[in-house]
Amino acid sequence: MNDSPGWASPGSAPSDGKETAIPRPSAPQDGSGPTGQWSPEQPPPGQWSPPSTPGSGPGTRPPAPGWGGGPQRQGWAGPPPAAKPGVIPLRPLSVGEILDGSVAALRAHWRTALGFSLAVSVVTQIAIILMQRYLLPKPTTVDPNATGAEALRQAADSARSTLFSLAPASLVSMIATLFTASIVTVIISRSVLGRPTTLSDAWAEARPRVLPLLGLTVLVAVVLAAIMAVGIGPGLLLGSEAGAALAFLGFAAACVVTLWLFVSFALAAPALMLERQSIVAALRRSAKLVRGAWWRTFGILALTWLLAFLLAFLVSIPFGVLAVIADGTDVSDFFSSSAPSYGWPFLIVTGIGEVIVSTLVYPFVAGVTALLYMDQRIRREALDLDLARAAGLPGYGADTPRG
């Protein structure tokens, strides 16, 4: 593609003239080229036979049944496997290869990726615990026996309280996720090329992009929150039965719009990191890459978040039960619909569980997003050729024309 930005992966410049050119096919040797002519001496009609191969000719046993005459006379064997200098093959990827590539990169660089993710998770969880303890309001009590307008009023108050309580924690978690994504994206870009990296190297590459990445996070969060507020705000302000119906319809419409935008902008962070794009250009770049592949992108992201949810569920439930016991309350309160105000033991124990979940989930999701971005560029812009050149693979010189 002539209008696509180049690959700006850290350390991705090809080696200085060491690659050889891609071998070109030789001219046709069977007379089918532009200068080929028939030989003046032709065999008599009905007497020409192809050259015999060893084990063929009169008196030989016919080949075994099957395609290509068995292993000794194998026909077309398919294209050669794609080059794989790192964690993924340099070709369009399947869903399993994207997920496996993220896990393989994190396994190969677990000290760098998980160490940074652990530090970010601890700081994030401390901030969330302090907000829950001192800044956020207590959950609104809902009377289960209320009916009519009173029940609607209590439901609206509870919805406003829940949104207000979740918004700060969600924003902090989103910022932590993208901070982790900045490091993991650099790690993934080097892992694809088969190159090692350290935390200092990854941070040196990611640091100039942290502020633009933070701006991207805040901008996307504000846009999505504004859409949600426009959708449910009028209905909540009315506070009647008609307002509740309007709020429900607005919420459904806002969910559709926010989901579409979230998927369309899902590849903005890798574009901002690897292509050195500005915030607005990264959003446009992501929308361009996702266009025409929205459902595939949505499916991969949905599967990724489902796996992350299952991991969070398996870790959070035991820690939640232990937190309720440590807090001196009954275990059934943890599963109750009302949310009582818990003390420090509950917040600390559940915070430890959240740190474990975040340490594992943040890098995995960031790795999948980075590989999904690379996969879309491979499919649309032949990024695999640029990656092969950057990896120094033989036959992919700087002067090789792109497909």
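The values are calculated or read from the model by the stated rules, or taken from the named source; none is laboratory data. These figures come from a predicted structure and were not determined experimentally. Every residue, glycine among them, receives a Cβ derived from its backbone with ideal geometry; neighbour counts consider all protein chains shown.
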Subject >> Count of residues meeting criterion [in contact with a Phe, Trp or Tyr (Cβ under 9 Å, 6 or more places away or on another chain) and outside any helix (DSSP H, G or I)] in the stretch 181-228 >> reply: 0
Original post:
What is the one condition in (1) at pLDDT 85 or above; (2) surrounded by fewer than 17 Cβ atoms within 10 Å (Cβ to Cβ) that residue 378 does not satisfy?
Top reply: (2)
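Quick grid of which residues meet (1) in a loop (DSSP other than H, G, I, E, B); (2) at pLDDT below 95:
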{"residue": "271", "(1), (2)": "no, yes"}
{"residue": "276", "(1), (2)": "yes, yes"}
{"residue": "287", "(1), (2)": "no, no"}
{"residue": "299", "(1), (2)": "no, no"}
{"residue": "302", "(1), (2)": "no, no"}
{"residue": "308", "(1), (2)": "no, yes"}
{"residue": "313", "(1), (2)": "no, yes"}
**OP:** May I ask you to verify whether residue 161 is within 18 Å of residue 125 (Cβ to Cβ), more than 18 Å from the chain's Cα centre (by Cα) and either in a helix (DSSP H, G or I) or at pLDDT 90 or above (or both)?
**Re:** no
Subject >> Residue within the stretch 184-193 that is over 16 Å from the mean Cα position of the chain (by Cα) and without any contact (Cβ under 8 Å) to a residue 24 or more places away in the chain present >> reply: no
**OP:** Would you confirm whether any residue within the stretch 253-261 is more than 14 Å from the chain's Cα centre (by Cα), under 11 Å from residue 373 (Cα atoms), not in a loop (DSSP other than H, G, I, E, B) and not acidic (Asp, Glu)?
**Re:** no
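Per-residue answers, yes or no, for (1) surrounded by fewer than 21 Cβ atoms within 10 Å (Cβ to Cβ); (2) modelled with pLDDT of 90 or more; (3) over 30 Å from residue 82 (Cβ atoms):
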position: 155; (1), (2), (3): yes, no, yes
position: 172; (1), (2), (3): yes, no, yes
position: 184; (1), (2), (3): no, yes, no
position: 211; (1), (2), (3): yes, yes, yes
position: 231; (1), (2), (3): no, no, yes
